[in-house]
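Report on the following structure.
The values are calculated or read from the model by the stated rules, or taken from the named source; none is laboratory data. In this text, all values refer to a predicted model and were calculated from it rather than measured experimentally. Please note: Cβ atoms are built from the backbone with ideal geometry, for glycine as well, and neighbour counts cover all protein chains shown.
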């Protein structure tokens, strides 16, 4: 039995397989809410940024299986990003990679904190939503050898929010690429 566990744990895809069994943002995960590593959790207050966003990274090919891939690596495929009352979640659909953290908003400034990938780092950005696209501009973010900033700022994120109340109730209407097929709970 121990030999089988050792073989499974040392297989090249074991890390990716373990990650791919997790669920997308907004649904229960191993860590469904941020932990106050170095900063207290912000109060659960709705912000102008709250919502679900998605993008399709055009990087060609499939991710190479690896056991020590850097977090927030801008891999190709669908990415989802949700902001909900002080909690943000990032999810890479093809690999199942995810992270969760806290955020605060002051005007057009976003501060990211309590991310388990870089629990002692603070990310600062400006943001704007225009024509249903969220765009970030980095002020300073050393998280994951600067890869969080690269991933968040490389291209705009499309809003997955329904365009009107009828579409929200019926779940009809065109959704941008990368948005989940069903409404999030």
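One line per residue, one yes/no per condition, for (1) in a loop (DSSP other than H, G, I, E, B); (2) touching a strand residue (DSSP E or B) at 6+ places or on another chain (Cβ under 6 Å); (3) closer than 19 Å to residue 79 by Cα:
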{"site": "143", "(1), (2), (3)": "yes, yes, yes"}
{"site": "149", "(1), (2), (3)": "no, yes, yes"}
{"site": "174", "(1), (2), (3)": "yes, no, yes"}
{"site": "177", "(1), (2), (3)": "yes, yes, yes"}
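Of all the strands (runs of 3 or more DSSP E) wholly in region 65-125, which have at least 3 residues that are within 12 Å of the chain's Cα centre (by Cα)?
Counting at least 3 such residues, we get 77-84, 87-92, 97-106.
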Pairing a residue in region 119-138 that is more than 24 Å from residue 41 (Cβ to Cβ) with any residue that is surrounded by fewer than 13 Cβ atoms within 10 Å (Cβ to Cβ), where Cβ atoms lie under 6 Å and the two sit 6 or more apart in sequence or on different chains, gives 135/128
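Could you look through region 73-93, keep only residues that are farther than 20 Å from residue 50 by Cα and without any contact (Cβ under 8 Å) to a residue 60 or more places away in the chain, and pick out the one that is surrounded by the fewest Cβ atoms within 10 Å (Cβ to Cβ)?
First, the residues of region 73-93 that are farther than 20 Å from residue 50 by Cα: 73-77, 93.
Pick out the ones that are also without any contact (Cβ under 8 Å) to a residue 60 or more places away in the chain and you get 75-77.
Details: 75: 18, 76: 15, 77: 17.
So, considering only residues that are farther than 20 Å from residue 50 by Cα and without any contact (Cβ under 8 Å) to a residue 60 or more places away in the chain, the one surrounded by the fewest Cβ atoms within 10 Å (Cβ to Cβ) is 76.
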Test residue 114 against the stated conditions and say whether it is buried (at least 16 other Cβ atoms within 10 Å of the Cβ), on the phi > 0 side of the Ramachandran plot and touching a strand residue (DSSP E or B) at 6+ places or on another chain (Cβ under 9 Å).
yes
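Kindly indicate whether any position in region 132-143 is under 13 Å from the mean Cα position of the chain (by Cα) and modelled with pLDDT of 95 or more. Let's see the steps before the verdict.
From region 132-143, those under 13 Å from the mean Cα position of the chain (by Cα) are none; that's our starting set.
No: region 132-143 contains no residue that is under 13 Å from the mean Cα position of the chain (by Cα) and modelled with pLDDT of 95 or more.
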Of the conditions (1) touching a residue at least 60 places away in the same chain (Cβ under 8 Å); (2) closer than 21 Å to residue 156 by Cα; (3) surrounded by 18 or more Cβ atoms within 10 Å (Cβ to Cβ), residue 104 satisfies every one except a single condition; which number is it?
(3)
If residue 138 satisfies all but one of (1) surrounded by fewer than 16 Cβ atoms within 10 Å (Cβ to Cβ); (2) farther than 21 Å from residue 59 by Cβ; (3) in contact with a helix residue (DSSP H, G or I) (Cβ under 6 Å, 6 or more places away or on another chain), what's the number of the condition it fails?
(2)
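Has region 32-47 got any residue that is modelled with pLDDT of 90 or more, within 20 Å of residue 137 (Cβ to Cβ), in contact with a strand residue (DSSP E or B) (Cβ under 7 Å, 6 or more places away or on another chain) and surrounded by 13 or more Cβ atoms within 10 Å (Cβ to Cβ)? Write out each step before concluding.
From region 32-47, those modelled with pLDDT of 90 or more are 33-47; that's our starting set.
Okay, now just the ones that are also within 20 Å of residue 137 (Cβ to Cβ), so 47.
Narrowing further to those that are in contact with a strand residue (DSSP E or B) (Cβ under 7 Å, 6 or more places away or on another chain): 47.
In the following step, the residues that additionally are surrounded by 13 or more Cβ atoms within 10 Å (Cβ to Cβ) were identified as 47.
Yes, region 32-47 contains at least one residue that is modelled with pLDDT of 90 or more, within 20 Å of residue 137 (Cβ to Cβ), in contact with a strand residue (DSSP E or B) (Cβ under 7 Å, 6 or more places away or on another chain) and surrounded by 13 or more Cβ atoms within 10 Å (Cβ to Cβ).
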